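What follows is a short report on a single structure.
Readers should treat all values here as calculations from the given coordinates under stated rules, not as data from a laboratory. Quick caveat, the model's predicted, so the values are computed rather than measured. Neighbour counts are summed over all protein chains in view; Cβ atoms, including those assigned to glycine, are modelled from backbone coordinates with ideal geometry.
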Amino acid sequence: MAPVVDVRLDAPVKRLEAERTWVLERLSECLAHVAGPVARVTVEIIDDHRMSALHERFSNVPGTTDVLTFPASGPGEPVEVDIAVCVDEAARQSRARAHELRHELLLYALHGVLHCTGFDDRTPDDHARMHAEEDRILQAIGLGAVYAREERS
């Protein structure tokens with residue numbers, strides 16, 4: 001059974017309907033290449049203001065960040081997750097790395113999913129492994145290696 005995937009826009013970023021639709025379609029494609037079962041992924045695209053509030057509330061870290069992952073399933077269960085991605089951080093990073101905003105948003109959403117499938121990025125080795133997996137999946141759907149392009153910039 002195909003996972004239930006939803007991508008939502010927070011009120012301040014309602015202007016991004018085209019990006020929302022694109023990320024929804026590409027993320028659905030990505031999930032076919034993720035190891036392990038995925039039941040549900042909900043992504044909300046939010047701005048710096050809301051991300052900063054969530055980051056401080058749930059991580060006790062002031063300021064914005066790119067992505068926050070909120071797993072709703074336990075170990076060994078099909079992945080159910082809510083993911084917040086920051087459009088303002090994605091815009092800054094996509095400009096700095098000269099690729100499309102939608103590619104950065106998709107990268108963040110996929111990153112959140114991978115956190116729920118056993119990947120982490122705290123150590124240098126884990127970081128390399130996780131980002132190689134992101135690139136493998138993005139290449140599999142025909143987008144190409146978004147993170148590898150970032151590393152070369």
Sequence order, segment 41-49: Karplus ³J(HN,Hα) from phi using 6.51 cos²θ - 1.76 cosθ + 1.60, θ = phi - 60°, Hz rounded, Gly and Pro as x, gives 9, 10, 10, 10, 8, 10, 9, 4, 4
Given only helices, namely DSSP H runs of n ≥ 4 each adding -39500 (n - 2.57), what is the per-residue ellipticity at 222 nm of the chain, to the nearest 500 deg cm²/dmol?
-16000 deg cm²/dmol
Using R₀ = 25 Å, calculate the FRET efficiency as 1/(1 + (r/R₀)^6) where r is the Cβ-Cβ separation of Ala140 and Ala2; round to 0.05.
0.90
Specify which labelled value, from (1) 34, 33, 33; (2) 61, 38, 34; (3) 42, 33, 30, agrees with Cα extents along the principal axes in Å derived from the coordinates of the model shown.
(1)
Taking placed amide H atoms and a strict 5 Å upper bound, the residues 5 or more places from Val43 or on another chain that come that close are Asp6, Val7, Arg8, Ile83
With Thr64 itself left out, Lys, Arg at +1 and Asp, Glu at -1 over residues whose Cβ is under 11 Å from its Cβ give -4
In a Gaussian network model over the chain where Cα atoms closer than 10 Å are linked, find which of Asp125, Asp135, Asp47 has the largest mean-square fluctuation.
Asp125
Relative contact order, percent, the chain [alpha-carbon distance under 8 Å, six or more residues apart]
21
Cβ-placed point charges (K, R +1; D, E -1), dipole of the chain about Cα centre in debye, nearest 20
280
